[in-house]
Amino acid sequence: MTICIYMIATKLYNKFRLPILNPALITTIAVIIILQLFHISYDTYMFGGQWIHELLGPSVVALAYPLYKHISLIMKHFKIIISCIMIGIIVNIISVSAFLFLAGFSKEITLSAIPKSITNAVAIEVANQIGGIPSLTVVFVMMAGFTGIIIGPYLFKWFNIKSDLARGMSFGNASHGIGTAKALEYGKATGSISTTGMILSAIFSSFLIPLMFILLF
């Protein structure tokens, strides 16, 4: 079911090329609707869908290939990449914390949302460290990923952003794996930079977020 929906969604996306029709987003929504309509539990779904989940690890590791192919480009702009990542992490923590605090959300929900721009595996561990709810963090991570791939292309168009470096860092730093998959549509160089952003963002966030948590909370 998942594969069939994804194939149909991919054809639809290739025809219209609208960010809102991203195959991963459409497939996720469609699967949720089907499970709800037919009262199928997530555990039952995963009994058949477990092998898709197991491919997540190899797919992330496979991103190392374009990273290797464009290592010279990455090393050339390494200082800029590091600066972007550090600024992105700090802005993310402060903006999310301020917005949710002003909106009246609880401390627990705020702490669950802070790791939203890191890849899932690391985000869950960070949420555990700072007192967030890991299952809720997963939701925020998915929201960050899908929001990035939908809004990102429009921002690039409106602000005339054509740089591989800018596009790649935007997707990798803000929308992790889902964003990196989108970045690859712009070319292998953009995908490589996005991969770098995603990896380094996860590494730095894993100790910067707990550190800033101690300072802010």
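None of the figures in this text is laboratory data; all of them are computed from the coordinates on show. These numbers come from a predicted model, not from an experiment. So basically every Cβ, Gly included, is an ideal-geometry build from the backbone, and we count neighbours across all protein chains shown.
Translational diffusion coefficient, Stokes-Einstein: compute it for the range 1-48 using the Kirkwood radius over C-alpha pairs as Rh, at 37 °C and 0.692 mPa s, and state it as an integer in µm² s⁻¹. Mind showing how you got there, number by number?
Numbers: Rh = 11.3 Å.
Answer, rounded: 291 µm²/s.
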_Please compute the modelled spin-label separation between residue 147 and residue 160, points set 7 Å along Cα→Cβ, answer in nm with one decimal._
2.8
*Under 22 Å from the Cα of residue 116, which lysines turn up, not counting those fewer than eight places away in the same chain?*
107, 182
*Loop-resident sites, the range 1-91, for chymotrypsin sites (Phe, Trp or Tyr not before Pro), counting at most 12 other Cβ within 10 Å (DSSP)*: 38
*Tell me which residues come under 5 Å, amide H to amide H, from residue 161 once H is placed; ignore anything under 5 positions away on its chain.*
none
*Measure off 7 Å from each Cα along the Cα-to-Cβ vector at residue 204 and residue 108, then give the distance between these two points in nanometres to one decimal.*
3.2
*Taking +1 at the Cβ of each Lys and Arg and -1 at the Cβ of each Asp and Glu, which of 194, 135, 178 sits farthest along the dipole of the chain towards its positive end, judged by Cα position relative to the Cα centre?*
194
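Based on the Cβ-Cβ distance of residue 139 and residue 72, what FRET efficiency does E = 1/(1 + (r/R0)^6) give at R0 = 35 Å, to the nearest 0.05?
Working: r = 38 Å, r/R0 = 1.09.
The calculated FRET efficiency here is 0.35.
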*Ratio Rg/Rh, restricted to the range 63-216 and using Cα atoms, in which Rh is the Kirkwood radius*: 0.98
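Only Cα pairs under 8 Å and at least 6 apart count here; give the relative contact order of the range 136-183 as a rounded whole percent. Walk me through the intermediate numbers first.
Values: 38 pairs, mean separation 21.8, N = 48.
Once normalised by length, the contact order is 45 percent.
Under the rule a/c < 1.5 gives rounded, and otherwise a/b versus b/c splits prolate from oblate, where does the range 1-136 land using the Cα gyration tensor? Write out the running numbers ahead of the final one.
Details: a/c = 1.83, a/b = 1.17, b/c = 1.56.
Oblate is the answer for the range 1-136, as a/c is 1.5 or above yet b/c matches or exceeds a/b.
Excluding the sites themselves, what is the longest stretch of the chain that contains no trypsin sites (Lys or Arg not before Pro) in a DSSP loop with at most 10 other C-beta atoms within 10 Å? Could you put the intermediate results ahead of the total?
Numbers: sites that count: 17, 162.
That would be 18-161.
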*Label-zone membership for the range 193-208, site residue 215, 7 angstrom Cα→C-beta point, backbone N under 11 Å*: 208
_Along the charge dipole of the chain, pointing to its positive end and built from +1/-1 on Cβ of Lys, Arg, Asp and Glu, which listed residue (106, 124, 168) has its Cα farthest out?_
168
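With +1 on each Lys and Arg Cβ and -1 on each Asp and Glu Cβ, how big is the dipole of the chain about its Cα centre, in debye rounded to the nearest 20? Before the final figure, lay out the partial values.
Numbers: 13 positive and 6 negative charges, 170 e Å.
Magnitude of the dipole: close to 820 debye.
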*When only Cα pairs under 8 Å and 6 or more residues apart are kept, what is the percent relative contact order across the range 63-216?*
27
*Sequence neighbours fewer than 8 away in the same chain don't count; with that in mind, list the aspartates and glutamates whose C-alpha is under 17 Å from residue 15.*
185
